[in-house]
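Every number in this text was worked out from the coordinates using simple rules, so none of it is lab data. Please read these numbers as outputs of a predicted model, since none were measured by experiment. We place every Cβ from the backbone using ideal geometry, glycine too, and count neighbours over all the protein chains shown.
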Amino acid sequence: MPTEQYHEPPDELPQDVRTFARMCTSLIEEAEAIGWYAQRLALERDSAAAAIMRDAQNEEFKHFSMDLEYLLRRTPRWRTVAERILFQSGDILEHGEEGEEAVDAGNDDESNPPVAPWSGAPATGSPSAAASPDSLGIGGLRGRDA
Ligand SMILES: [Fe+2]
């Protein structure tokens, strides 16, 4: 089944970039599902139905978070920005500027590729970043629903 997740001809893209693109698409779909459940929950008056929807939305939170972690493990520059924004208290915009400055500071290093799906070198500074990208530590993702 054709999809529009590729912006460039898929047969010209390396396998790791195709996987990266699929995971980006999955991340988008999980975020959309979270938003759809938020809308449904805002209108649902049946408490049992709402409880089921909340449970389903919790699943989407998990899926989104796993997708994001997968992508961050493979993209050190993205992780650099995310580490300065996510789970920080204070001004989000300020943290965003700090993250951008941090990643811009690393752009002088030409060995750091501009697009960075998994390169084989783990990111530093985070215990989870040292893990193999193929070992998410959460069990296989086979059979997971989107
Ligand atoms: Fe999902």
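Loop-only check: which GluC sites (Glu not before Pro) in segment 15-110 are DSSP coil with at most 10 other Cβ within 10 angstrom?
Sites meeting the loop and neighbour criteria: Glu110.
Which loop chymotrypsin sites (Phe, Trp or Tyr not before Pro) in segment 15-97, with loop taken from DSSP, have no more than 16 other Cβ atoms within 10 angstrom of their Cβ?
Sites meeting the loop and neighbour criteria: Phe87.
By the gyration tensor of its Cα atoms, with a ≥ b ≥ c the square roots of the eigenvalues, what is the shape of segment 1-102: rounded for a/c under 1.5, prolate for a/b over b/c, or oblate?
It is oblate, given that a/c is not under 1.5 and a/b is not larger than b/c.
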